[in-house]
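Working notes, structure below.
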Amino acid sequence: MTGATGSGDIPLTGTRTVSGALAAGASSASVATVVTVPATTNPGDYYVCALADAANAEKFEVLNDGFTPAEDNNGLCTATPISITL
């Protein structure tokens with residue numbers, strides 16, 4: 001996942017706050033997060049993805065050593081699809 005979204009994506013509502021900064025390559029602890037699937041979603045199998053900083057609110061600058069923090073590692077999807085039924 002590169003953080004790019006597609007025209008067929010269905011945004012879910014829900015948030016999860018991570019307190020403090022994460023070191024490079026680190027992850028936050030796994031916790032349950034409640035999301036709402038829109039009532040207009042058709043039944044079927046879907047991958048659920050989480051995207052940090054989806055609005056690109058966090059801006060990065062090129063550091064003195066020329067290193068620019070990557071923006072292509074801000075998301076993760078389920079390995080298998082989730083079934084949505086009526």
(message) Out of the residues in the range 3-31 meeting the condition of being part of a loop (DSSP other than H, G, I, E, B), hydroxyl-bearing (Ser, Thr, Tyr) and loosely packed, with under 10 Cβ neighbours inside 10 Å, tell me which one is modelled with the highest pLDDT.
(response) 15
(request) Go through the range 32-50 and give me each residue that's surrounded by 10 or more Cβ atoms within 10 Å (Cβ to Cβ), over 15 Å from residue 77 (Cβ atoms) and not β-branched (Val, Ile, Thr). (result) 44
(request) Scan the range 32-63 for residues that are out of contact with any Leu (no Cβ under 8 Å at 6 or more places or on another chain), modelled with pLDDT of 75 or more and not small (Gly, Ala, Ser) and jot them down. (result) 33, 34, 40, 41, 42, 45, 46, 47, 51
(request) Only residues that are of a type in the set (A, V, I, L, M, F, W, C) and under 23 Å from residue 84 (Cα atoms): list them for the range 5-51, please. (result) 10, 12, 31, 32, 34, 35, 37, 39, 48, 49, 50, 51
(request) For residues that are of a type outside the set (A, V, I, L, M) and farther than 21 Å from residue 21 by Cβ, scanning just the range 67-86, find the one that is modelled with the lowest pLDDT. (result) 77
(request) Consider only pairs whose beta carbons are under 7 Å apart and that are at least six residues apart or on different chains; among these, list those whose first residue lies in the range 7-23 and is under 15 Å from residue 76 (Cα atoms) and whose second residue is assigned to a loop (DSSP other than H, G, I, E, B) and modelled with pLDDT of 80 or more. (result) 12/35; 12/37; 16/33
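The values are calculated or read from the model by the stated rules, or taken from the named source; none is laboratory data. Worth saying up front: this structure is predicted, and the values here are computed from it rather than measured. All Cβ positions, glycine included, derive from the backbone under ideal geometry; neighbour counts span all protein chains shown.
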